[in-house]
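Values quoted throughout were computed directly from the atomic coordinates according to the rules given, and no laboratory measurement underlies them. Keep in mind that what you see is a predicted model, and the values were worked out from it rather than measured. When we count neighbours, we look across all protein chains shown, and the Cβ atoms used for this are built from the backbone with ideal geometry, even at glycine.
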């Protein structure tokens, strides 16, 4: 049996400051000498990057649907063995989705810490958090009030919440974490990111007596999982990784390595060619639309991926990766950029969200799970080779396209959900 102090950090909705508060709390606890591990609920790439900077350790996904109960339990138990505090940042609002963040908290007996943007409220915070507590219900450990204007403002909130503890407050920040259409700006694009995170941690006022009184959550250490088979033993996978191709689950990389693959990285926007020793190529998602000019000018990169395709190397291009191998990319300013051209057609950016949600792909090796989240549409003459299904209703989801040994989709695959199916993405495809 192992245990650690664990809280799930949630709110009434997105935009309340969950990531800011989670990062500030992780930073403050680290400054106090606590060993901290952070998890992120649901499919997300950008928030975990920011939280990794704050916590000093990789931030893995924790999701009852994408991972399953057993795998989620294993991750929590292993973390509890290694650290003092585990913070789980929820997704959207506490009760949103199926399964929701509240479902995750109840599954493991984890108390909830509610974040409330109090910038336009005072006593009404009491009604909000009582509703969050009682609707499920959940074990509400307390509240961190975000964007507090003064000590008097904090006291009004504290009195209104009655028996619900005010665990902490975070003052309004002069420097907030910047955002764009898919969420926060990538940490390495933010000047002085470390000082911003340090300032947020310093601005978090934490009631240490209340925090220290939170009881630990215990887990039974499961038997070691059966080692993943070496489906990719001896294979070298070249992975695009830069500001245009940044959306990679850390667990995906660990999964590939556990199957015996050697991973090497390169940067298309730096005009780096696919490394010559590669047996397969992984083009993950990211922001190719923000770097379209550099990608269009990266002739060595484009020639190398076309050469890999001509040689028959397996290529998995997901979301932004697929956008980079179509013929044209039309950005938000309606400028047209020439991409690598493996897939006929054009990707066109749009202001409206095109798709969001969990997806499952029924492969010959079983179900591979993941998600979609994009603001573009792919206009192509290609016929879909297969199609994912939506988690919420089983309806048709994102198409899977294939030309030779290159497969692509808006579908972001979570490899640990089915390692055998994930391995097949980097082995010779059926045509």
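Before moving on, here are some points about what is shown:
- Exposure proxy order (Cβ contacts within 10 Å, fewest to most) of 294, 392: 392, 294
- Only DSSP H runs of four or more residues enter the estimate; each adds -39500 (n - 2.57), and after division by the residues of the chain the mean residue ellipticity at 222 nm equals -8500 deg cm²/dmol.
- Cβ crowding within 10 Å ranks 228, 388, 205 as 205, 228, 388, fewest other Cβ atoms first.
- The angle between the Cα long axis of helix 193-203 and the longest principal axis of the Cα atoms of the chain comes to about 20 degrees, rounded to the nearest 10.
- Relative to the longest principal axis of the Cα atoms of the chain, helix 69-82 runs at roughly 60 degrees.
- Reference-scaled alpha-carbon Rg (2.2 N^0.38 Å with N residues) for the chain: 1.02
- Distance-filtered residues of the range 29-70 - backbone nitrogen under 14 Å, label point 7 angstrom along residue 14 Cα→Cβ: 41-48
- Estimated distance in nm for a label pair at residue 220 and residue 257, the labels positioned 7 Å out from Cα along Cα-to-Cβ: 3.1
- Translational diffusion coefficient (Stokes-Einstein; Kirkwood radius from C-alpha pairs) of the range 2-219 at 37 °C, 0.692 mPa s, in µm²/s: 192
- Full extension of the chain between residue 307 and residue 159 yields a length gain of 46.6 nm, computed as 0.36 nm times the residue separation minus the alpha carbon distance.
- Residue 293 paired with residue 351, simple spin-label distance in nm, labels 7 Å along Cα-to-beta-carbon: 2.3
- Multiplying the residue separation of residue 70 and residue 150 by 0.36 nm and removing their Cα-Cα distance gives an extension gain of 24.4 nm.
- Residue separation of residue 135 and residue 300 scaled by 0.36 nm, minus their Cα-Cα distance, works out to 53.7 nm of gained length.
- On Cα atoms only, tilt of 151-160 relative to the major axis of the chain in degrees: 80
- Counting beta carbons within 10 Å around each of 84, 117 and listing the fewest first gives the order 84, 117.
- Computed over the chain: relative contact order in percent, which uses C-alpha pairs under 8 Å that are six or more apart: 13
- Residues of the range 23-47 falling in the label zone of residue 390, defined by backbone nitrogen less than 20 Å from a point 7 Å along Cα to beta-carbon, are 42-44.
- Model label sites at residue 362 and residue 427, defined 7 Å from Cα along the beta-carbon direction, differ in position by 2.2 nm.
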